[in-house]
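These notes concern the structure reproduced below.
The values are calculated or read from the model by the stated rules, or taken from the named source; none is laboratory data. Remember, predicted model here, so these are calculated numbers, not experimental data. Glycine also receives a Cβ, built like all others from the backbone with ideal geometry; neighbour counts cover every protein chain displayed. Keep in mind that these areas ignore ligands, DNA and RNA; they rest on the heavy atoms of the full protein, side chains included. Shrake-Rupley method; radii C 1.70, N 1.55, O 1.52, S 1.80 Å.
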Amino acid sequence: VALRQFDGNPSVARAGRELFLKKNCYGCHGGLAGGGMGPSLRDTTWKYGGTDEAIYKTIHDGRPFGMPTWGNTLTPDQIRTLVVYIKSLRTTAEPKFFFGTAGADP
């Protein structure tokens, strides 16, 4: 599978990975965001769009049939951090750690 280009900040992507784990996003999207009960975040075709704005809206407002609304739980900055992490998937900047930052790449 080809890598995508990433124009974001790798340290923000790592913080997004931490938040993804802390908020239990992996419970639905899988440990490496490859899908589970929820859809994969690693692919390139998304039902509601894969732009930063569309991903932000999905996290903030939720989606029918499973994606909860996070707008009352997460701050706008936290949601933007998650967007950066999601956009880092399948790039050379993707955070490589599975649980927490112990042993994370620099």
* Asked: If you check Gly66 against the conditions, is it modelled with pLDDT of 95 or more and either assigned to a loop (DSSP other than H, G, I, E, B) or open to solvent by 70 Å² or more (accessible area, probe 1.4 Å) (or both)?
  -> no
* Structure fact -> Pairs returned, first residue in region 13-30 that is closer than 8 Å to Leu82 by Cα and modelled with pLDDT of 95 or more, second residue that is hydroxyl-bearing (Ser, Thr, Tyr) and open to solvent by 50 Å² or more (accessible area, probe 1.4 Å), beta-carbon separation under 9 angstrom, 6 or more apart or interchain, are Arg17/Thr101; Phe20/Tyr26
* modelled with pLDDT of 90 or more, buried (at least 17 other Cβ atoms within 10 Å of the Cβ) and either in contact with a strand residue (DSSP E or B) (Cβ under 6 Å, 6 or more places away or on another chain) or not in a loop (DSSP other than H, G, I, E, B) (or both) - does that describe any residue in region 35-54? -> no
* Asked: Mind checking whether some residue in region 96-105 is without any contact (Cβ under 8 Å) to a residue 60 or more places away in the chain, over 24 Å from Ala2 (Cβ atoms) and buried (at least 16 other Cβ atoms within 10 Å of the Cβ)?
  -> no
* Structure fact -> Residue pairs within 7 Å by beta carbon, gap of at least six or interchain, first lying in region 69-91 and of a type in the set (A, V, I, L, M), second open to solvent by less than 10 Å² (accessible area, probe 1.4 Å) and assigned to a loop (DSSP other than H, G, I, E, B), listed first then second, are Leu89/Ala33
* Which numbered condition Thr58 fails, given (1) assigned to a helix (DSSP H, G or I); (2) in contact (Cβ under 8 Å) with a residue 24 or more places away in the chain; (3) surrounded by 17 or more Cβ atoms within 10 Å (Cβ to Cβ) -> (2)
* Structure fact -> Note on region 39-65: residues in contact with a helix residue (DSSP H, G or I) (Cβ under 8 Å, 6 or more places away or on another chain) and among the aliphatic types (A, V, I, L, M) are Leu41, Ile55, Ile59
